[in-house]
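The values are calculated or read from the model by the stated rules, or taken from the named source; none is laboratory data. Computed from a prediction, not measured in an experiment: that's the story for all the values here. Quick reminder, even Gly has a Cβ in these numbers, built from the backbone with ideal geometry, and neighbours come from all protein chains shown.
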Amino acid sequence: MKNLMRIQLTLFTCLLISLPIQSQPGSTALRQGIEWGISHHYDRALALFDSLAVAFPQHPAPPFYRAAIFQSMMLDYETNAWQDTFYHSIEESIRLSKLLLRKEKQDASGYFYAGAAYAYKSAQLARDGKYWHAYRAIQTSLDYLNPLLRQDSSYCDALLGIGTYQYWRSRFTKNLSWLPLFPDHRQQGIDKIIRVSRCAQLSQSSAWSNLTWIYIRENKFKESIHYARLGLDAFPQSRFFLWPLAEAQFLDHNYQDASTTYQLLLKSTRDAPVNNGYNELVILWKLAQCAEKLGDLTEAQKKYQEVVHCRVDEEVSKRAENNKNMARKWLEKF
């Protein structure tokens, strides 16, 4: 199977290299790479985007989606292992986007990928605790996405970054919404992301994922479950949709269904090629809580013991200690 995949990618690369250098990657190829990423076939996705980078060395799409895969891996595995590689790829996408815009001031791809790249950069900077830099990056993102939509209001994929920004900015400042500088635009943001989920060419799955977590924040668990299931219908067993599904079920007090979903997550996490222990520990903690809520104290005791003994790597040991301490305290009272 691996040899067949290499042959297919080689043939695909040769086909792409034969195309004119002024052309751009087709949406079908980009969607395939995105889908492989959502399904955790990261090596396939990276190989595809690498081949696209060879075929289209002046286009910002390949390094952008390459960066997106590295960011997905870091989120999926709860690690910063690919941090430097992510930033290198995202900066390359920004550089190439600006080159496109220098050559053609109205180039829609240049606007879109510059805006999208700055949005992804902002998300990573926030994850790294660099909040001021993250704020500046998202503002720069809007400087590209808003003009693009004024130029072409039908460019659906560009709405995702704007809608996401509108929602989370209003979410973080909702206690100040009575002030004219901080209007509550949460619903406007949600409406834009819903529109993306229906009309986007490349961002539909990202819109579903965003909506699952937004509706959890809004305590609208049925809506979150709806979008998580849409994601799982398209990408069965994807951890990007199993996580919010389990969380929404748990917060909706549906502990039996939540336990079933967390069991699926536990197996998937243990089978994954990278496992630093942190996700496994969190899942075991949630399973213990589900068992406790369901009145199965024997199972709860077993899972809390697994939490205490769960191996975690050094990079996440401090984060894991809180759960381990709480599990120890529970076991002392049992």
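Out of all the residues in segment 161-191, which are basic (K, R) and either over 21 Å from L148 (Cβ atoms) or at pLDDT 95 or above (or both)?
R171, K174, R186
So which residues in segment 248-263 are touching a helix residue (DSSP H, G or I) at 6+ places or on another chain (Cβ under 6 Å) and of a type outside the set (F, W, Y)?
A248, Q249, L251, D252, D257, A258, S259, T261
Can you work out which of the residues in segment 202-225 that are within 17 Å of the chain's Cα centre (by Cα) and part of a loop (DSSP other than H, G, I, E, B) is nearest to Y255 (Cα to Cα)?
Checking each candidate, the answer is S203.
Between residues in segment 240-255 that are without any contact (Cβ under 8 Å) to a residue 40 or more places away in the chain and surrounded by 21 or more Cβ atoms within 10 Å (Cβ to Cβ) and residues that are part of a loop (DSSP other than H, G, I, E, B) and of a type in the set (S, T, N, Q), which pairs lie under 9 Å by C-beta distance while being six or more apart or on different chains?
A248/N254
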